[in-house]
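Student: What follows is a single structure, and I will ask about it in a moment.
The values are calculated or read from the model by the stated rules, or taken from the named source; none is laboratory data. Computed from a prediction, not measured in an experiment: that's the story for all the values here. Quick reminder, even Gly has a Cβ in these numbers, built from the backbone with ideal geometry, and neighbours come from all protein chains shown.
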Amino acid sequence: MESSDEIKARAKAAVPGAKIDIVSNPGPANQPSLLIDNEHASAVARFLRDDPALRLDFCSNATGVDWLDRTVKKTVKVKKVVDGVEKDVDQTTEEKIPGYLEAVYHLYSMTHKHGPVIIRMRTADRAEGARLPSLTPIWRSAEFQEREIFDLYGVRFDDHPDLRRILMWDEFEDYPMRKDYREPDDYEFEPTPHDDVLEKAKQHYNPRPQLDGAENITPRNEAETLNG
Amino acid sequence: MSEQILETVERPPTRMTSRLDGELMEVSMGPQHPSTHGVFRMNVALEGEIVRKLKPVFGYLHRNHEKIGENTSYLGSMPYTDRLDYFCSMTNNWAYALSVEKLAGIEVPERAEYLRVILAELTRLQNHASLIGFLLSDMGAWGTPLMYAFREREKILDLFESLSGSRMMWSANCPLSSPSMPVSPVRCCAHVA
């Protein structure tokens with residue numbers, strides 16, 4: 001199979017205006033991925049599926065990745081003049097990268113029996129701009145996977161035939177797989193809470209009677225009751 | 001809760017039939033139905049006994065292993081893979097161990113490879129034994145053939161218990177080493193056969 005550079009060059013030639021980058025994944029696994037911009041993602045995906053040499057007709061997996069706002073520190077050696085002598089000095093630059101959500105697709109070919117080719121799409125941000133084009137018209141197997149990404153990460157897919165929650169129940173709000181997801185305090189009923197579960201439970205339950213011998217559990221304010 | 005919650009999507013109605021579909025009866029074959037094996041729910045629109053429309057609803061077996069795996073070590077996430085498909089726990093362990101070894105570039109000793117194959121095949125045997133049983137009970141045989149199949153499966157589960165201490169969910173497949181084998185696997189397979 002062709003290398004990522006060759007695929008990138010041919011895809012850029014086939015889809016004019018597409019911006020494709022290679023995200024390297026250094027390590028023993030060594031699986032680089034192609035980062036595709038959102039406007040041309042459908043066209044590039046169609047090229048990947050229909051090109052006779054590649055024929056990536058099977059989308060085996062689509063997952064989401066959540067990147068929070070992060071600061072990347074880079075240290076480079078720079079030649080500087082210090083006290084009149086030219087030396088190699090470490091210069092640290094900090095780059096603030098705002099957070100985004102990604103969708104990563106693993107593509108295989110059933111006809112040529114090669115793969116995987118991995119493509120990524122990034123959203124603009126983690127809030128209002130969390131929209132991506134849906135690749136379901138191209139690979140039908142992405143339908144449920146994109147529903148899962150929508151359910152767990154909150155990424156809207158435009159042109160998805162049936163976008164609704166798949167794993168969580170329909171009335172659930174919030175997106176569990178995000179890195180800043182915090183589960184509700186009173187999610188599971190714990191009969192004998194202690195330690196940090198007890199701290200959280202204290203905010204939700206009525207004060208227990210003294211006869212119990214149990215620790216005083218008081219609500220935060222008088223208005224809060226068991227069902228409040 | 002995340003700072004901004006996006007507005008909920010306009011959902012298609014969960015009812016599939018309208019007033020014009022007079023003949024269709026909409027039934028929810030829930031996760032408790034014996035043939036769904038406790039895994040998913042189907043909203044079916046029936047005309048007599050013929051299924052006209054079907055909409056599957058997922059999520060009943062979703063335990064969010066992905067999220068749990070974010071907070072556990074590589075080895076600590078191994079028992080969760082057992083329970084993904086509880087009938088072939090060794091195979092799930094093996095797949096997870098393979099991926100960890102690929103990521104870390106670990107080379108597995110040859111004895112471990114052989115042991116993994118033997119034990120995975122035994123797992124597959126007990127999986128297919130219960131498959132026969134469930135197939136017959138789904139076809140209407142009311143559960144007795146299922147118990148016959150499970151009786152055969154018990155022989156393999158006894159072997160698993162002597163190997164690891166646990167009948168089904170044994171996380172024997174550490175990413176680094178072979179499962180420990182107090183008895184020779186060849187003799188055990190002869191006993192099962």
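Student: Which one is nearest to the other protein chains (Cβ to nearest Cβ), of the residues in the range A:13-32 that are closer than 21 Å to B:E101 by Cβ and in contact (Cβ under 8 Å) with a residue 40 or more places away in the chain?
Tutor: Only one residue tops the list, namely A:Q31.
Student: Looking at (1) part of a loop (DSSP other than H, G, I, E, B); (2) within 23 Å of A:P32 (Cα to Cα); (3) of a type in the set (D, E, K, R), which is the only condition A:E171 fails?
Tutor: Failed condition: (2).
Student: With the requirement that a residue be outside any loop (DSSP other than H, G, I, E, B), more than 13 Å from chain A (Cβ to nearest Cβ) and either exposed (fewer than 15 other Cβ atoms within 10 Å of the Cβ) or at pLDDT below 85 (or both), what does the range B:41-62 give you?
Tutor: Once the filter is applied, which keeps residues that are outside any loop (DSSP other than H, G, I, E, B), more than 13 Å from chain A (Cβ to nearest Cβ) and either exposed (fewer than 15 other Cβ atoms within 10 Å of the Cβ) or at pLDDT below 85 (or both), the range B:41-62 yields B:E47, B:I50, B:V51, B:K53, B:L54.
Student: Inspect the range B:18-40 for any residue being part of a loop (DSSP other than H, G, I, E, B) and either modelled with pLDDT of 85 or more or touching a Ser or Thr at 6+ places or on another chain (Cβ under 8 Å) (or both) and give the result as yes or no.
Tutor: yes
Student: Sort out which residues of the range A:122-171 are surrounded by fewer than 22 Cβ atoms within 10 Å (Cβ to Cβ) and at positive phi, and write them in order of number.
Tutor: Residue satisfying the conditions is A:D159 alone.
Student: Out of the range A:1-23, which residues are under 26 Å from the mean Cα position of the chain (by Cα), under 21 Å from A:H112 (Cβ atoms), charged (D, E, K, R) and not in a helix (DSSP H, G or I)?
Tutor: Selection gives nothing.
Student: Counting residues that are more than 14 Å from B:M169 (Cβ to Cβ) and not acidic (D, E), which helices (runs of 4 or more DSSP H) fully inside the range B:63-111 reach at least 1?
Tutor: The qualifying helices (runs of 4 or more DSSP H) are B:65-70, B:89-104.
Student: Another one. Is one or more of the residues making up the range A:51-73 of a type in the set (G, A, S), modelled with pLDDT of 90 or more and out of contact with any helix residue (DSSP H, G or I) (no Cβ under 6 Å at 6 or more places or on another chain)?
Tutor: Yes, the range A:51-73 has at least one match.
Student: Now a separate question. Checking the structure you have, find out if any residue of the range A:95-102 is farther than 25 Å from A:R46 by Cα, in contact with a Leu (Cβ under 8 Å, 6 or more places away or on another chain) and not in a strand (DSSP E or B).
Tutor: Yes, the conditions are met somewhere in the range A:95-102.
Student: Right, here's the next one. Among the listed residues A:D186, A:D162, identify the single one that is modelled with pLDDT under 90, more than 13 Å from chain B (Cβ to nearest Cβ) and either farther than 24 Å from A:L35 by Cα or within 20 Å of the chain's Cα centre (by Cα) (or both).
Tutor: So the residue among A:D186, A:D162 that is modelled with pLDDT under 90, more than 13 Å from chain B (Cβ to nearest Cβ) and either farther than 24 Å from A:L35 by Cα or within 20 Å of the chain's Cα centre (by Cα) (or both) is A:D186.
Student: Could we say that A:I119 is in a helix (DSSP H, G or I), under 21 Å from the mean Cα position of the chain (by Cα) and among the β-branched types (V, I, T) here? Write out each step before concluding.
Tutor: Values: in a helix (DSSP H, G or I): no; under 21 Å from the mean Cα position of the chain (by Cα): yes; among the β-branched types (V, I, T): yes.
No; evaluated as a whole, the condition is false for this residue.
Student: Is the range A:24-31 home to any residue that is assigned to a strand (DSSP E or B), at pLDDT below 90 and surrounded by 14 or more Cβ atoms within 10 Å (Cβ to Cβ)?
Tutor: no
Student: Filtering the range A:172-183 down to residues that are within 7 Å of chain B (Cβ to nearest Cβ) and of a type outside the set (S, T, Y), which residue is surrounded by the most Cβ atoms within 10 Å (Cβ to Cβ)?
Tutor: If we take residues in the range A:172-183 being within 7 Å of chain B (Cβ to nearest Cβ) and of a type outside the set (S, T, Y), then A:M177 is surrounded by the most Cβ atoms within 10 Å (Cβ to Cβ).
Student: Next question. Residues of the range A:50-70 being in contact with a Gly (Cβ under 9 Å, 6 or more places away or on another chain), surrounded by fewer than 17 Cβ atoms within 10 Å (Cβ to Cβ), outside any strand (DSSP E or B) and in contact (Cβ under 8 Å) with a residue 40 or more places away in the chain, which ones?
Tutor: Answer for the range A:50-70, where residues must be in contact with a Gly (Cβ under 9 Å, 6 or more places away or on another chain), surrounded by fewer than 17 Cβ atoms within 10 Å (Cβ to Cβ), outside any strand (DSSP E or B) and in contact (Cβ under 8 Å) with a residue 40 or more places away in the chain: just A:L68.
Student: Which one is surrounded by the fewest Cβ atoms within 10 Å (Cβ to Cβ) among residues in the range A:91-109 that are over 21 Å from A:E6 (Cβ atoms) and of a type in the set (A, V, I, L, M)?
Tutor: Here the residue is A:I97.
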